[in-house]
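The values are calculated or read from the model by the stated rules, or taken from the named source; none is laboratory data. Note that the coordinates shown come from a computational prediction; the quantities given were computed from them, not determined experimentally. Cβ coordinates were reconstructed from backbone atoms using ideal geometry, including for glycine residues, and neighbour counts include every protein chain displayed. Only protein heavy atoms, including side chains, enter the accessible area calculation; ligands, DNA and RNA are left aside. Shrake-Rupley method; radii C 1.70, N 1.55, O 1.52, S 1.80 Å.
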Amino acid sequence: MERKDFETWLDNISVTFLSLTDLQKNETLDHLISLSGAVQLRHLSNNLETLLKRDFLKLLPLELSFYLLKWLDPQTLLTCCLVSKQWNKVISACTEVWQTACKNLGWQIDDSVQDSLHWKKVYLKAILRMKQLEDHEAFETSSLIGHSARVYALYYKDGLLCTVFSVDYSDELDILVSGSADFAVKVWALSAGTCLNTLTGHTEWVTKVVLQKCKVKSLLHSPGDYILLSADKYEIKIWPIGREINCKCLKTLSVSEDRSICLQPRLHFDGKYIVCSSALGLYQWDFASYDILRVIKTPEVANLALLGFGDVFALLFDNHYLYIMDLRTESLISRWPLPEYRKSKRGSSFLAGEASWLNGLDGHNDTGLVFATSMPDHSIHLVLWKEHC
């Protein structure tokens, strides 16, 4: 058939084909396929693949691709990364998707990081660490040996582990505060080593003192003021500590007026919130108003003691295990076995290590000491983060 005659025929058959119903079109195509040889079938296969398998990530503008990718979950996105190098490049560069995935895992986000491929790598590291926590395999143990007698008190700050009773200090104020079994809190000159004041009012052993800058404003204090918290078996007392060492108690907190509920011998204060554990759960006070914000029940395990409290996680323990609680769901997500040891009633023989990870992991702060306790053989048992694989 001549080219001109073929084009005329093709135009006529096209008009007729377009007028058919879908069923008739399908029957026509089936008939044509049955009449085709190998050359025609190969031609058909090559063109169908181009028409049906369009790479929309390659064809769409990058901003629109990122918008569509936000609707997929991270695991699906990781699978999509295997489709092609182009897909992997586009998906890996979708910063918002991977940042959101990291936040959902309780990971801290540094928005100043501009590397577009950074957050996918962080997410991959995050899911490995969270899997370790879920499988109770995130930690390892070690021991410190050297004492000739039982260690009854431990203190940890700025990477240093010391064997002393309940103390805290401020280089800025040049003072050290200590709690003791005589129901008193003492304020010391850090450089001179002399006692500046003795704060009274407790009726039980002072098991914890915390010296911290206030971060909120109230009628009793302003941001930047140094605040001292001291705790005994039933009460938490709040003292203003600054250049004026002589001070009076601002407020006394408790969970029961009749002293029917005891506080565990640990205390958390970050300048905004006060947290302490009891037999009923974790109590969190707002430091601006002194109101109880929430009581976190722990029905799975009774008599949990508080070690650390952050924006995302809390570190707890009992006589058998170390626990991590996800504060967003108030559920225990991981545990680590502890050796047999005598838990000091005053809470001085055990402590938490590095605490920044409690505000969210970031791939760098899950290192070093997690927990330490003294043992009957005079050693100190350590729980440490496992190194990243």
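Structure data summary
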read-out	value
Residue match in region 274-285 (condition: modelled with pLDDT of 90 or more, farther than 16 Å from L263 by Cα and out of contact with any Ser or Thr (no Cβ under 6 Å at 6 or more places or on another chain))	no
Residues being on the phi > 0 side of the Ramachandran plot, open to solvent by 60 Å² or more (accessible area, probe 1.4 Å) and modelled with pLDDT of 70 or more - total across region 135-194	3
Test: residue in region 39-53 that is outside any helix (DSSP H, G or I) and in contact (Cβ under 8 Å) with a residue 24 or more places away in the chain	no
The listed residue being assigned by the TED database to the domain that holds D168 and closer than 20 Å to E330 by Cα, out of W285, W239	W285
Among (1) more than 19 Å from D270 (Cα to Cα); (2) of a type outside the set (D, E); (3) surrounded by 14 or more Cβ atoms within 10 Å (Cβ to Cβ), the one test that I241 misses	(1)
Top-ranked residue in region 307-348 [being surrounded by 22 or more Cβ atoms within 10 Å (Cβ to Cβ) and closer than 15 Å to H381 by Cα; ranked as modelled with the lowest pLDDT]	S348
Count of residues meeting criterion [at pLDDT 90 or above, within 19 Å of C276 (Cβ to Cβ) and open to solvent by 40 Å² or more (accessible area, probe 1.4 Å)] in region 205-232	2
Selection count, region 358-376, where residues are out of contact with any strand residue (DSSP E or B) (no Cβ under 9 Å at 6 or more places or on another chain) and over 25 Å from E330 (Cα atoms)	1
Residues of region 198-234 classified as in contact with a Cys (Cβ under 8 Å, 6 or more places away or on another chain), under 13 Å from F183 (Cβ atoms) and assigned to a loop (DSSP other than H, G, I, E, B), total	3
Scope region 106-115; condition surrounded by fewer than 19 Cβ atoms within 10 Å (Cβ to Cβ) and either within 18 Å of the chain's Cα centre (by Cα) or assigned to a helix (DSSP H, G or I) (or both); matching residues	Q108, I109, D110, D111
Members of region 77-108 found to be under 27 Å from D326 (Cβ atoms), in contact with a helix residue (DSSP H, G or I) (Cβ under 8 Å, 6 or more places away or on another chain) and either in the same structural domain as T329 (by the TED database) or β-branched (V, I, T) (or both), listed by number	T95, V97
Filtered residues of region 272-331 (kept if more than 19 Å from I227 (Cα to Cα) and of a type in the set (K, R))	R294, K297, R328
Failed item, numbered, when W205 is tested on (1) more than 31 Å from the chain's Cα centre (by Cα); (2) farther than 22 Å from L307 by Cβ; (3) not polar (S, T, N, Q)	(2)
Members of region 353-375 that are among the hydrophobic types (A, V, I, L, M, F, W, C) and part of a loop (DSSP other than H, G, I, E, B)	A355, M375
Count of region 52-90 residues which are hydrophobic (A, V, I, L, M, F, W, C), more than 32 Å from the chain's Cα centre (by Cα) and open to solvent by less than 80 Å² (accessible area, probe 1.4 Å)	2
Qualifying strands (runs of 3 or more DSSP E) (wholly inside region 258-306; at least 3 residues being open to solvent by less than 50 Å² (accessible area, probe 1.4 Å) and touching a Leu at 6+ places or on another chain (Cβ under 7 Å))	273-278, 281-286
Count of region 57-98 residues which are of a type in the set (S, T, N, Q) and in a loop (DSSP other than H, G, I, E, B)	1
Pair list, Cβ < 8 Å and 6+ apart or interchain, from region 123-140 residues that are outside any helix (DSSP H, G or I) to residues that are crowded, with 18+ Cβ neighbours inside 10 Å and among the β-branched types (V, I, T)	F139/V370; F139/V383; E140/V383
